[in-house]
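These notes are about the structure you will find just below.
The values are calculated or read from the model by the stated rules, or taken from the named source; none is laboratory data. Computed from a predicted model, the values in this text were never measured in an experiment. Note that each Cβ is placed from the backbone with ideal geometry, even for glycine, and that neighbours are counted across all protein chains shown. Just the protein is used for accessible areas: all its heavy atoms, side chains included, with ligands, DNA and RNA removed. Shrake-Rupley method; radii C 1.70, N 1.55, O 1.52, S 1.80 Å.
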Amino acid sequence: MNINPGTFISEKTAEAVRSLYGVEMEPSSFQVQVTRKEFEGDYTLVVFPLLKISKTGPEATGSAIGEYLKEHFTEIAAYNVVKGFLNISFSVSYWNMLFTEIASTDDFGQHAPTGRTVMVEFSSPNTNKPLHLGHIRNNLLGWSVSRLLEANGHKVLKVNLVNDRGIHICKSMLAWLKTGNGETPESSGKKGDHLVGDYYVAFNNIYKEEVNSLVAGGMSEEEAEKNAPSLKEAQDMLRKWENGDSEVVELWKKMNSWVYAGFDKTYRDMGISFDRTYYESQTYLFGKALVRKGLDMGIFEKEADGSVWCDLTADGLDRKLLLRGDGTSVYMTQDLGTAEQRFSEYNLDEHVYVVGNEQNYHFQVLKLILKKLGFVWADNIYHLSYGMVELPEGKMKSREGTVVDADDLIEKMYSTAKETSLELGKLGDMSHEEQESLFHMIGLGALKYFIIKVDPKKTMLFDPKESIDFNGNTGPFIQYTHARIKSILRKASAAGVAYGPDGLDAGAALSPKEIRLIKMLDQFPERISEAGAAYSPAVIANYSYDLAKEFNQYYHDTPILKEEDGSLLKYRLTLIDKVAKVLVKAMSILGIELPERM
């Protein structure tokens, strides 16, 4: 027998409809949901779709089905009907039976393998600057979505496409040549990505001075921006790179190697890794064969200057450039080619791109062109479009050096976690090493949770102080809840009290709050499915908070270790142990560790 509440009600309702009305219905056709808090009951059956069969009103139909369920199945304790909604209450014995199954399932929440392979591309930084707060949201979303899809039973490949070529890195290279005096990460003591980022800002300063000088000499601002000497030098450097100039290529390799080393440290600090890293310098020529294919198919057109376009005006879009007149490719050309390569190489069932919402149009065009080229898998591309991260003081601008640096933010979160934890004064018996590990765990957990708990599609305002709060909907609150549960379990073990799913009292007299915890635990696999379908780790984050909050209310009202009934004490310890394990599983999907002690 399937004892999942929703499935149980659906299956038994199918029996009731067959018996009462002589009609066969699939259990999956019934609408069953958790009963709203303002009504009495555990789960609710929506009766309205059954009125054509019953040929009576909603109240009469609900009452007839409710009476049948209560009379024929001991698991149903009571029911009530509110308009077209049948609210069903399960018996205590049912909840005992359900919890025994939940407690005995080691991989509870993990879905069975689906055989599907999904690639998730995220991060995709430029090599002219360090990672910043916007990249943090991208990385944390990409990582947690990958973990979420794994929890849904899919094989997941996490990939990064580093934008390591183009005018942006040439600007940093040129500024370093002009003003660097041979400075290196070693000589300066700076992380390589920070050092290169400083020269990107330096180039912008040089460029602005040149523009102002040209404007002062009588040139229009538009003309000055195009004719500034430093910009022309950077453009010339890019042409030399594309032509394989040895000096330019060697400098490019050297400065990019500094950046890669810096990125790797930031990724490690964030707990992020990739199964494969692609580099634009190796992929930017991909897609040229597809352009030729599109020309042969008559879906692309070549202009007199040699440029190639795809006319999408009939589809409500515009004309899209695919090759410039000089034969060089654009981002779209590359993305067409890499998509074909990846689907072919890995036999992908789906490709998820984690990219900000400013690129919505780009991915709309990408999918449409791939479909026109005849690739049936084009519909299996999903753009996880997320909103920007803003600060109380406004938007960030990397070329002006006003971004919130990822490394600085991670360090700030650690410092704030340390300060807050020491103020609470509960770490006296922990070694220095244990304390340091805890401060990093809390700081990173606070940062990750605060960002992930917001629906990806929404623009969010980041407030470091609010994120580190040990109360409310924060990572540290959930971490503290886990540590509290582990403390109770340690005390029980020290007192020689055993607990676990074997031999649980099937007739335990559960309190309403214990039943509430069991109901919430039972919802975990469904939340994983819901979050995976929506590509939204926020669903798991907020489920974790609700579960932690429910436990704390239970703990406040229930002196667990003072329970004198041995079988009930074991039941309660097993229950909170499962709460802790589900919190660990849920938060691990978000890339957040939970401490044993705080």
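At a glance:
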quantity: Packing-based order for 181-191, 117-127, using average beta carbon neighbours within 10 Å, highest first; calculated: 117-127, 181-191
quantity: Relative contact order of the chain, defined on C-alpha pairs under 8 angstrom at six or more residues apart (%); calculated: 15 percent
quantity: Rg(Cα) / (2.2 N^0.38 Å) computed for the range 518-585, rounded to two decimals; calculated: 1.28
quantity: Rounded to the nearest 20 debye, dipole of the range 183-312 from Cβ charges on Lys, Arg, Asp, Glu; calculated: 560 debye
quantity: The range 2-49: equivalent-ellipsoid semi-axes (sqrt of 5 x gyration tensor eigenvalues, Cα, Å); calculated: 20, 12, 9
quantity: Average accessible surface area per residue within the chain, 1.4 Å rolling probe, Å²; calculated: 45 Å²
quantity: Of all accessible heavy-atom area on the chain, the percent that carbon and sulfur account for (1.4 Å); calculated: 49 percent
quantity: Calculated diffusion of the range 64-155, Stokes-Einstein form, Kirkwood radius summed over Cα pairs, 4 °C and 1.567 mPa s, µm²/s; calculated: 72 µm²/s
quantity: Dipole magnitude of the chain about its Cα centre (Cβ charges: Lys, Arg +1; Asp, Glu -1), debye to nearest 20; calculated: 400 debye
quantity: Relative contact order %, the range 363-495, counting alpha carbon pairs below 8 Å whose residues are six or more apart; calculated: 26 percent
quantity: Positive dipole terminus of the range 439-480, leading residue within Asn473, Val454, Leu444 (C-beta point charges); calculated: Val454
quantity: Cross-link reach list, lysines versus Lys288, counting only Cα pairs under 22 Å and skipping chain neighbours closer than eight places; calculated: Lys240, Lys302, Lys320, Lys367, Lys371, Lys372
quantity: Cβ crowding within 10 Å averaged over residues, with 55-65, 147-157 ranked highest first; calculated: 147-157, 55-65
quantity: C-alpha long axis of helix 246-270 to longest principal axis of the chain, angle in °; calculated: 20 degrees
quantity: Amide H partners (placed H, <5 Å) of Val404, local residues excluded; calculated: Leu133
quantity: Estimated D of the range 425-580 in µm² per second, where Rh is the Kirkwood radius over Cα pairs and Stokes-Einstein applies at 37 °C, 0.692 mPa s; calculated: 189 µm²/s
quantity: Residue-averaged 222 nm ellipticity for the chain, from DSSP H runs of 4+ at -39500 (n - 2.57), nearest 500; calculated: -18000 deg cm²/dmol
quantity: Qualifying lysines (Cα of each under 24 Å from Cα of Lys513; at least 8 residues distant if same chain); calculated: Lys37, Lys70, Lys486, Lys491, Lys549, Lys562, Lys570, Lys578, Lys581, Lys585
quantity: For the chain, fraction of C-alpha pairs farther apart than 44 Å, in %; calculated: 35 percent
quantity: Fraction of the pair-distance distribution of the range 290-426 above 21 Å, Cα-Cα pairs, percent; calculated: 58 percent
quantity: Rounded to 10°, Cα long-axis angle of helix 432-452 versus longest principal axis of the chain; calculated: 90 degrees
quantity: Separation of alpha-carbon centers, the range 328-348 and the range 109-136, rounded to whole Å; calculated: 17 Å
quantity: The chain - share of DSSP beta bridges that are antiparallel (%, nearest 5); calculated: 50 percent
